[in-house]
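Colleague: One structure coming up, written as structure tokens, with questions to follow.
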Amino acid sequence: MSPRAVLLLPIALAAGSILLLPGCETGPSYSTQLRDPGSSYYTGGGRGGYDGETPSSSAIVNQEVLDRTDPSNARIEISLGEQKARLYRVAGGSKELAIETRISTGREGRTPVGTYSVLEKLRQKNSSLYGSWVDGQSGALIQGDGDSRNRPAGGNAEFQGSPMPYWLRITRDGVGMHVGYVPNHPASHGCIRVPNRIQPLIWERVAVGTPIDIRA
């Protein structure tokens, strides 16, 4: 647990308002699901997105603050260095932490730093760039970590964009927050992946226009 979490724990427990989510989920491994176009990573698994183990998805949810957080007072802050996202309630000169969670951002500096706002909010969205290539007749996997701009050899290849459930667009060129696999390091093409138990909670409290601050 991070030093910040240790400091928050006695305060929140005293108020009876904190929920600790360890985030060790059962199911097929990420690599196994990625190789299978029919897996819940691609089909949504009933809840949308990756259903398997997320090793570093521990999160703090301050339920009392979360209950008072809505699009009129919500603010998201992303720390690339810490690989953490925080949802705050900002009102009347106060800034209260509602959620703190592990995330996985873009590898090799692909997630931009700056001040943004939510540009689009969709419960279900599929990537138009990244996903898998499958045989259009048999459905057999041709390429698991594919790019729609680079078609594999063969005339039957069909592209299936990766699901990005609980999508929040941040930039016009396609960077956003969504449910996804969260390892111990930056691993995405630029998007901010959030554990599947946490992103819906954030998604429900924000709207188009909610401020997002991304820091190094």
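Colleague: Keeping to region 177-191, report how many residues are among the aliphatic types (A, V, I, L, M) and on the phi > 0 side of the Ramachandran plot.
Modeller: Residues in region 177-191 being among the aliphatic types (A, V, I, L, M) and on the phi > 0 side of the Ramachandran plot: 0 in total.
Colleague: Additional query: Give me a count of the residues in region 114-152 that are at pLDDT below 75 and not acidic (Asp, Glu).
Modeller: So the count comes out to 23.
Colleague: Consider region 165-187. How many of its residues are touching a Phe, Trp or Tyr at 6+ places or on another chain (Cβ under 6 Å) and not small (Gly, Ala, Ser)?
Modeller: Going through region 165-187 one residue at a time, the tally reaches 5.
Colleague: I'd like to verify a number: residues in region 163-173 that are in a loop (DSSP other than H, G, I, E, B) and modelled with pLDDT under 85, how many?
Modeller: 1
Colleague: Out of all the residues in region 184-216, which are outside any strand (DSSP E or B), touching a residue at least 60 places away in the same chain (Cβ under 8 Å) and surrounded by fewer than 17 Cβ atoms within 10 Å (Cβ to Cβ)?
Modeller: 184, 185, 187, 207, 208, 209, 216
Colleague: If we only count helices (runs of 4 or more DSSP H) wholly inside region 18-113, which ones have 2 or more residues that are at pLDDT below 90 and surrounded by fewer than 19 Cβ atoms within 10 Å (Cβ to Cβ)?
Modeller: Filter on region 18-113 gives 30-34.
Colleague: Is there any pair with a first residue in region 121-145 that is outside any strand (DSSP E or B) and a second that is at pLDDT below 65 whose Cβ atoms are under 9 Å apart and which are 6 or more apart or on different chains, and what are they?
Modeller: Going by the 9 Å Cβ cut-off, the qualifying pairs are 123/48; 124/44; 124/48; 139/37; 139/38; 140/37.
The values are calculated or read from the model by the stated rules, or taken from the named source; none is laboratory data. Everything numeric here is computed off the predicted structure, so don't read it as measured data. We place every Cβ from the backbone using ideal geometry, glycine too, and count neighbours over all the protein chains shown.
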